[in-house]
Structures are given as structure tokens and as C-alpha cells.
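Nothing in this text is a laboratory measurement; each read-out follows from the coordinates by a stated rule. Small disclaimer: the values here were computed from a predicted structure and weren't measured. All Cβ positions, even for glycine, are placed from backbone atoms using ideal geometry, and neighbour counts span all protein chains on display.
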Amino acid sequence: MSTNLITLNRWLLSDTHKNIEYKLELANLFSGIALACKVTNNAIKRAGFEQNFGLAGITNVHSEDVKKLDIVANDAWKNSLKATREVHCMVSEEEDSIIPVSENQNGRFVISFDPLDGSSNLDCNVSVGSIFGIWDKVSKDHQALNEDVLRKGRDMIACGYALYGSATMLVISLGYGVYGFTLDNTIGEFILTHVEMKIKSKGNIYSINEGNSVYWDKATSEYVNTIKSKENGNTPYSSRYIGSMVSDVHRTLLYGGIFMYPADSKSPNGKLRYLYEVAPLSFLMEQAGGKSSNGKSACLDIMPTSIHQRVPVFMGSHHDVTTLEKTHEKHSVAS
Ligand code: P6P
């Protein structure tokens with residue numbers, strides 16, 4: 001039994017981060033994030049006993065059926081983050097508009113989150129996750145302004161995801177590499193288990209919903225057909241698709257390859273939302289030595305114009321995403 005565990009809080013307060021001026025406030029914010037993840041994890045694990053599977057009987061701003069656990073997770077995230085008194089305002093996948101925090105509980109950080117991503121997989125016990133992005137506020141007065149939340153992913157000061165899988169993990173970056181923490185349920189702490197996570201420069205796994213192939217543009221179709229073929233001595237890539245972004249991206253980070261949710265004739269801007277899905281996971285992918293693109297340029301350089309804006313995304317091993325971009329460029333020149 002180790003008696004010298006590196007917990008999330010201990011890692012955040014360590015000398016590794018001595019040059020972060022707001023280290024204490026950020027560590028306090030992460031205590032709220034860790035609590036939200038533990039409460040969400042526990043609610044998922046106990047859903048069968050507490051009749052918490054199934055639908056809540058309402059739809060959200062995206063016209064999606066809301067699961068009972070979506071509401072539990074969203075409330076857990078809002079309450080845990082507000083209680084830290086480090087939050088200026090929040091954006092949640094489950095909320096129509098910006099969530100302001102009252103002046104006497106107000107802090108400096110702006111946080112976007114998807115409290116329970118992939119919830120359509122919950123009832124069949126497939127892994128799901130939470131995703132978050134953190135910016136330093138820019139507005140001078142108390143009001144939560146669009147200028148605080150409509151930000152480029154590249155301007156984040158920290159981000160991460162929780163994966164509620166066979167193990168519960170928190171994978172985060174403060175802009176100095178990617179680190180993974182695994183929940184030790186016996187002591188209720190996230191313990192450092194993955195140091196400076198890096199993605200392979202080239203993989204052999206592709207991850208996309210091929211049920212949408214009839215809607216794909218020529219570039220996406222050509223790229224997928226190429227990596228599936230044996231032409232030019234190519235070894236066909238393996239296909240893996242869970243339908244839970246955090247799970248598919250986590251596997252891509254660990255095993256290499258490419259995850260794709262392109263724009264197509266059914267979803268002209270793609271399906272995934274920028275502020276609380278694409279931006280945080282793109283940041284982590286770049287920090288791990290990978291790449292994340294909308295097909296033409298880096299996702300992190302996108303400036304969103306609305307809090308629920310959707311963007312196309314191709315992320316993973318640098319070689320694979322670059323090959324995808326070249327295919328898109330060829331077709332854009334041809335058209
Ligand atoms: P599709 C889950 O609903 C989600 O937002 C992501 O987690 C996931 O990558 C995507 O949608 C799956 O979408 O259309 O393939 O079912």
C-alpha cells in the first residue's frame with residue numbers, strides 16, 4: 001500500500017505549476033470538478049438501484065430527449081462548481097443560455113461543460129463521460145457577457161474529461177502536457193496514474209459513424225475508403241466506434257488513429273458542440289502531440305459565435321489528421 005500518493009489536489013499544488021499565478025484558485029475549482037465527477041460516477045453506478053435509467057420526459061435546447069441522469073449530472077456540476085466560489089459564469093450542454101453566478105459567489109473562471117456526454121449509451125451500460133473547458137474571464141464588470149464565454153479553445157487555461165468506464169478516470173491539461181488520474185474508490189481520491197500522455201504520430205484505427213456514409217461529402221468518403229483499402233500495400237485500418245465521444249477520443253489518445261464527426265448533408269456543421277466537446281478534447285489532443293481539425297484548419301483557432309455552436313471535427317494522430325486535411329484540400333481545389 002503506497003503512503004505517498006499523488007492526488008489531484010497535491011499535483012495541482014506541486015512545484016510543477018509554480019509559474020501559474022492563480023494556482024490556488026484553480027486547485028479549488030478542480031476540487032469542485034472532482035466532486036462533480038464523483039457524484040456523477042456514483043449516480044451512474046447506482047442508477048439500477050434507484051430507477052434512474054430512462055428518460056426524464058423532457059427535451060433540451062438541442063431537441064434531444066433528456067435522460068434522468070442528464071439532470072442529476074447537470075445539477076451536480078452546477079452545484080459543485082458554484083460552491084467553490086471560483087466561477088464567474090458557466091455554459092452547460094443542458095442549459096439554453098449562460099449560467100451567471102451571483103456577485104457574492106463570483107470568481108474569475110469561465111467554465112463550459114457537458115455534464116454527461118454519450119448519455120444515450122447509459123441504459124446499456126456503455127461507458128460515458130463528462131467534458132469541461134476553463135478560461136480566465138475577460139469582462140471587467142460582474143455581468144456574464146458573451147465576450148467571456150465565446151472564446152477560442154486555444155485561449156483555455158485548463159480542460160479535461162472524466163471517463164466513467166471500467167475505471168473512472170479524469171484526464172486533464174493545464175497547458176503543460178496531459179495527465180491522467182484514476183479514481184480510487186476506497187479513499188475517494190483521483191490518483192495520478194498517467195504522466196505526460198502522448199499519442200502515436202500515426203495510428204491504424206478509424207472511428208466514425210459509418211451509418212452516416214450516405215450523407216458524407218466526397219473528401220470524407222475518399223479518405224475513409226482509402227484507409228479501408230489494401231491499395232499501394234496499405235494495411236486496412238480497424239474500425240472502432242462506441243458512440244460516446246469521450247470513450248472514442250480516450251481510445252484514440254491511448255491507441256492512436258483518428259476520430260471523426262464530419263459535416264455532411266444531414267448535419268451541415270457536424271453534430272459536436274464547440275465549447276464543451278470539441279474545444280476541450282482538441283486542446284488535450286494537441287497537448288498530447290496530436291492534431292484536431294475541422295477539415296481545413298485547427299479547431300482550437302475557431303472563434304464561436306454562439307454557445308451551442310456545432311463544428312466538424314477530425315482529431316487524433318498527427319499523420320492521420322494531416323492526411324485527412326490533404327484529401328479535403330484536394331477536393332476543395334477541384335470544386
Ligand atoms: P451519433 C453523444 O450523443 C454524442 O454527443 C457524442 O458523445 C458522440 O460522439 C456522438 O454524439 C455520437 O453521435 O450520431 O454517431 O450517434
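Highest-first packing order for the peptide set 68-74, 172-178, 267-273 is 68-74, 172-178, 267-273, based on the mean count of other beta carbon atoms within 10 Å.
Determine the percent antiparallel among the DSSP beta bridges restricted to segment 189-335, to the nearest 5. Looking only at bridges with both residues in segment 189-335, the antiparallel portion is about 65 percent.
Run the dipole for segment 141-259 about the Cα centre, Lys and Arg Cβ at +1, Asp and Glu Cβ at -1, nothing else charged, and hand back the magnitude in debye, nearest 20. Before the final figure, lay out the partial values.
Numbers: 11 positive and 12 negative charges, 121 e Å.
That gives segment 141-259 a dipole magnitude of about 580 debye.
How big, in percent, is the set of alpha carbon pairs in segment 2-77 lying more than 18 Å apart? Can you show the working numbers first?
Working: 1628 of 2850 pairs.
Beyond 18 Å sits 57 percent of the P(r) for segment 2-77.
With 32 Å as the limit, the listed pairs Lys228/Lys296; Lys218/Lys291; Lys152/Lys326; Lys137/Lys200 have Lys137/Lys200 beyond it between alpha carbons.
Per residue of the chain, the DSSP helices (runs of n ≥ 4 H) give a summed -39500 (n - 2.57) that works out to -9000 deg cm²/dmol at 222 nm.
So what is Rg over Rh here for segment 263-315, counting just Cα atoms and using Kirkwood for Rh?
On the way: Rg = 10.5 Å, Rh = 11.0 Å.
With Rg and the Kirkwood Rh in hand, the quotient comes to 0.95.
If R₀ is 35 angstrom, what is the calculated FRET efficiency for the pair Glu231 and Lys198, using the beta carbon separation as r and rounding to 0.05? With R0 = 35 Å, the Cβ-Cβ based efficiency is 0.70. With Rh defined as the Kirkwood radius, the inverse of the mean 1/r over Cα pairs, the Rg/Rh of the chain is 0.96. In terms of modelled amide H atoms, which long-range or inter-chain residues lie less than 5 Å from the amide H of Ser238? The list, which skips near neighbours in sequence, is Ile205, Tyr206.
How would you rank 236-242, 310-316, 220-226, highest first, on the average number of other Cβ atoms within 10 Å across their residues? Don't skip to the answer; put the middle values down first.
Details: 236-242: 15.9, 310-316: 26.1, 220-226: 18.9.
Ranked from most to least packed, the peptides come out as 310-316, 220-226, 236-242.
Subtracting the Cα-Cα distance from 0.36 nm times the residue separation, let me have the gained length for Ser297 to His319 in nm, one decimal. Write out the running numbers ahead of the final one.
Details: separation 22, 0.36 × 22 = 7.92 nm, distance 1.44 nm.
Extra length from Ser297 to His319 when fully extended: 6.5 nm.
In debye, nearest 20: dipole of the chain around its Cα centre with unit charges on the Cβ of K, R (+) and D, E (-)? Working shown, then result.
Details: 33 positive and 37 negative charges, 144 e Å.
Rounded to the nearest 20 debye, it is 700 debye.
Rounded to whole numbers, the Karplus 3J(HN,Hα) couplings from phi for segment 99-109 are 9, x, 10, 4, 4, 7, 10, 7, x, 9, 9 Hz, using 6.51 cos²θ - 1.76 cosθ + 1.60 with θ = phi - 60°, and x at Gly and Pro. At the listed q of 0.10, 0.11, 0.17, 0.18 Å⁻¹, the Debye profile of segment 1-142, built from one uniform point per Cα, gives log10 I(q)/I(0) equal to -0.39, -0.47, -0.98, -1.05. Here the Karplus relation 6.51 cos²θ - 1.76 cosθ + 1.60, evaluated at θ = phi - 60°, turns the backbone of segment 165-174 into coupling constants of x, 4, 10, 9, 10, 10, 10, 9, 9, 10 Hz, with x for every Gly and Pro.
Using just the Cα positions, wrap segment 34-93 in a convex hull and report its mean projected area in square nanometres, one decimal place.
Working: hull surface 17.9 nm².
Averaged projected area of segment 34-93's Cα convex hull equals 4.5 nm².
Annotation: lysines with alpha-carbon distance below 25 angstrom to Lys68 (same-chain offsets under eight excluded): Lys38, Lys45, Lys78, Lys82, Lys271.
Take every Cα-Cα pair in segment 205-335 and report what % of them are more than 17 Å apart.
Numbers: 4680 of 8515 pairs.
More than 17 Å apart: 55 percent of the Cα pairs in segment 205-335.
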